[in-house]
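Chemist: First the structure, then my questions, so here it is.
The values are calculated or read from the model by the stated rules, or taken from the named source; none is laboratory data. Quick caveat: nothing in here was measured; it's all calculated off a predicted structure. Positions of Cβ are backbone-derived with ideal geometry, glycine not excepted, and every protein chain shown enters the neighbour counts.
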Ligand SMILES: Cc1cc2nc3c(=O)[nH]c(=O)nc-3n(C[C@H](O)[C@H](O)[C@H](O)COP(=O)(O)OP(=O)(O)OC[C@H]3O[C@@H](n4cnc5c(N)ncnc54)[C@H](O)[C@@H]3O)c2cc1C
């Protein structure tokens, strides 16, 4: 059954009839990133107004693959479990050359994690769940559909937005404006910021089909199947994914000069799909032809305007680094902006959002563009190397790993950036959180549940945690203490983090520092550093 | 001699892209010439005729159908 796009109600905003008090935050765009941003801020007590020009969730074939780290962030935002329950869980990717399987990878070969390597869930469900969640904060999230931002000005210590509604225009002031208005960002265009990078000439047909029978062979296990030069689509590549509601995503590389409109017509599409699924009955849910780009903004922060998600960076989808990258932007910015608004940190902390996420985005672009380049050789020599790598991949392990159909989204390390206190540890400062199961006085839990959201000092094994007032401390595998202690279920936590060591986690789960013998001063200094305070000011 | 299963990962993408970058902007003939020079340089670097013969036999062993 096709997704039912129920429109969300438009309510005439107050600003149409009277001046609104200045808002701390205006978020432009209620895609997955704008919505997640509003929820993150609301959970920290920061109110925001979210403006979207539309009144339905994402239409058509867009994001489906959500990575483990994203799900962990969504867990903190209160939608992770709902996504997991509805989504199709997978972790194996298989690569075929012709009709022969040449290489399979397992993205999460170990257990002891709350979330799987990946789920597939249509972007419209993700947005629906986020909107439902946003409605848990009626006093903090003011979600305005059919409110198009048509102009804005940065006034130094605040911004002014001009908005159009079905009832006419109004203006609104906000201390901070967060542009989550997508790849075509009108905010970015209005500011004249250059957004240039690699555009791939190849076109890709993306079809979502509903089908009762699984195309994933006899075992019918949902996986990621990728073909180089499949028998059903000569000389090109193809990708297959399963989504909930018996919907399958088929992604087919087309010729550079293919006629996009013609290629998206049923007459062209149905035979292409028949060649893959045979005579199994199916329904076409959505068809589109895409060209992909890999680009990022030079700077994500411009005065009082902050770019988050696709407005700041776009990638080709091989590796699922678009939406997943954007959610990590949110995770990085939320606690920093809340600290600045509360006066706990200096506005310079926002600059570190650019430093850290621009780095993450560059890594995503590198991986996505390499995968797309591998799929679409540009010269006869590139084609020759690719063909011979494929030939060798049938029996040479090294060549299998050269095949690149997408290096799937992984969180970046922030090692070496200013907020982290350098140090040696099994999980070095800068690393993203690694989940592990724990058991405590209130039953079973997960490390991610206990550390995400706030700064947290975690002692693993025999290490004494200092007394830091008003600070969240927990122990893992420690004897009773005056802070909550947990045992490491099946030893996963201590195996992953080591023993007799304390880790300081940032609110977004990245390791800020690690200590063998933490003193109260050490911890305070590391926290101050992670809050962007210079040693003198701390 | 056996061929090493994999000495490139986890940096296989860096290696592969370094190769592609080396060919950037060359004509096809220039690229073939570059490949020939590269093989000669690598042969010298390996410096062992036995190893080289094994590699040549392996490379030659794939059918072109
Ligand atoms: C074919 C395809 C497959 C993909 N697959 C994946 C995947 O598997 N995994 C993944 O993580 N990512 C994937 N992506 C990327 C993913 O869809 C995007 O990264 C994601 O949608 C970005 O979210 P966003 O909120 O930043 O932008 P958008 O989703 O584009 O949302 C922007 C919002 O801003 C609103 N807006 C725009 N202008 C204005 C204005 N002037 N005033 C008010 N509102 C405005 C729009 O209406 C929209 O609601 C895929 C993309 C494509 C195209």
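Chemist: Out of everything in segment A:495-516 that is assigned to a loop (DSSP other than H, G, I, E, B) and in contact with a helix residue (DSSP H, G or I) (Cβ under 7 Å, 6 or more places away or on another chain), what residue ends up being nearest to residue A:113 (Cα to Cα)?
Modeler: So the residue we want is A:509.
Chemist: Are any residues in segment A:206-232 crowded, with 16+ Cβ neighbours inside 10 Å, assigned to a loop (DSSP other than H, G, I, E, B) and out of contact with any helix residue (DSSP H, G or I) (no Cβ under 7 Å at 6 or more places or on another chain), and if so, which ones?
Modeler: Result: A:214, A:216, A:222, A:223, A:229, A:230.
Chemist: Please enumerate the residues belonging to segment A:118-138 that are out of contact with any helix residue (DSSP H, G or I) (no Cβ under 9 Å at 6 or more places or on another chain) and not in a helix (DSSP H, G or I).
Modeler: A:120, A:122, A:135, A:138 - these are the residues of segment A:118-138 that are out of contact with any helix residue (DSSP H, G or I) (no Cβ under 9 Å at 6 or more places or on another chain) and not in a helix (DSSP H, G or I).
Chemist: In this structure, is residue A:337 touching a helix residue (DSSP H, G or I) at 6+ places or on another chain (Cβ under 7 Å), away from the ligand (no atom under 16 Å from the Cβ) and in the same structural domain as residue A:27 (by TED's automatic domain parsing)?
Modeler: For residue A:337, the condition - touching a helix residue (DSSP H, G or I) at 6+ places or on another chain (Cβ under 7 Å), away from the ligand (no atom under 16 Å from the Cβ) and in the same structural domain as residue A:27 (by TED's automatic domain parsing) - is met.
Chemist: Inspect all residues belonging to segment A:262-277 and state whether any of them is away from the ligand (no atom under 14 Å from the Cβ), assigned to a loop (DSSP other than H, G, I, E, B) and touching a strand residue (DSSP E or B) at 6+ places or on another chain (Cβ under 8 Å). Talk me through it step by step, then tell me what you get.
Modeler: Going through segment A:262-277, the residues away from the ligand (no atom under 14 Å from the Cβ) turn out to be A:262-263, A:265-277.
Okay, now just the ones that are also assigned to a loop (DSSP other than H, G, I, E, B), so A:265.
Still in the running and touching a strand residue (DSSP E or B) at 6+ places or on another chain (Cβ under 8 Å): none.
No, segment A:262-277 contains no residue that is away from the ligand (no atom under 14 Å from the Cβ), assigned to a loop (DSSP other than H, G, I, E, B) and touching a strand residue (DSSP E or B) at 6+ places or on another chain (Cβ under 8 Å).
Chemist: Does at least one position in segment A:178-188 carry a residue that is away from the ligand (no atom under 15 Å from the Cβ) and either part of a strand (DSSP E or B) or touching a residue at least 24 places away in the same chain (Cβ under 8 Å) (or both)?
Modeler: Looking for residues that are away from the ligand (no atom under 15 Å from the Cβ) and either part of a strand (DSSP E or B) or touching a residue at least 24 places away in the same chain (Cβ under 8 Å) (or both), one finds none in segment A:178-188, hence no.
Chemist: Another question, then. When residue A:339 is evaluated against the numbered criteria (1) assigned to a loop (DSSP other than H, G, I, E, B); (2) away from every other protein chain (no Cβ under 14 Å); (3) surrounded by fewer than 21 Cβ atoms within 10 Å (Cβ to Cβ), which criterion, by number, is the only one it fails?
Modeler: Failing condition for residue A:339: (1).
Chemist: Tell me which of these residue A:534 doesn't satisfy, since it passes every other one: (1) closer than 19 Å to residue A:112 by Cβ; (2) in a loop (DSSP other than H, G, I, E, B); (3) without any contact (Cβ under 8 Å) to a residue 12 or more places away in the chain.
Modeler: (1)
Chemist: Give the residues of segment A:295-331 that are surrounded by 24 or more Cβ atoms within 10 Å (Cβ to Cβ), away from the ligand (no atom under 11 Å from the Cβ) and within 16 Å of the chain's Cα centre (by Cα), sorted by residue number.
Modeler: Passing the criteria: only A:331.
Chemist: Give the residues of segment B:15-33 that are part of a helix (DSSP H, G or I), under 25 Å from residue A:366 (Cα atoms) and within 9 Å of another protein chain (Cβ to nearest Cβ), sorted by residue number. Break it down stepwise before answering.
Modeler: Of all residues in segment B:15-33, those part of a helix (DSSP H, G or I) come to B:15-23, B:28-33.
After this cut, where a residue has to be under 25 Å from residue A:366 (Cα atoms) as well, the list is B:15-23, B:31.
B:15, B:16, B:17, B:19, B:20, B:23, B:31, listed by residue number.
Chemist: Which of the helices (runs of 4 or more DSSP H) found entirely inside segment A:1-117 contain at least 3 residues meeting this: within 13 Å of the ligand (Cβ to nearest atom)?
Modeler: A:32-43, A:68-77
Chemist: List the number of the failed condition for residue A:383; all other conditions in (1) crowded, with 21+ Cβ neighbours inside 10 Å; (2) out of contact with any helix residue (DSSP H, G or I) (no Cβ under 9 Å at 6 or more places or on another chain) hold.
Modeler: Of (1) crowded, with 21+ Cβ neighbours inside 10 Å; (2) out of contact with any helix residue (DSSP H, G or I) (no Cβ under 9 Å at 6 or more places or on another chain), only one is false for residue A:383: (1).
Chemist: Let me ask something else about it. What about residue A:365, is it at pLDDT 95 or above, within 14 Å of another protein chain (Cβ to nearest Cβ) and in a helix (DSSP H, G or I)?
Modeler: In short, yes.
Chemist: Next question, about the same structure. When you scan segment B:34-48, do you find a residue that is assigned to a loop (DSSP other than H, G, I, E, B), away from chain A (no Cβ under 13 Å) and under 15 Å from the mean Cα position of the chain (by Cα), even just one?
Modeler: Checked segment B:34-48: at least one residue is assigned to a loop (DSSP other than H, G, I, E, B), away from chain A (no Cβ under 13 Å) and under 15 Å from the mean Cα position of the chain (by Cα).
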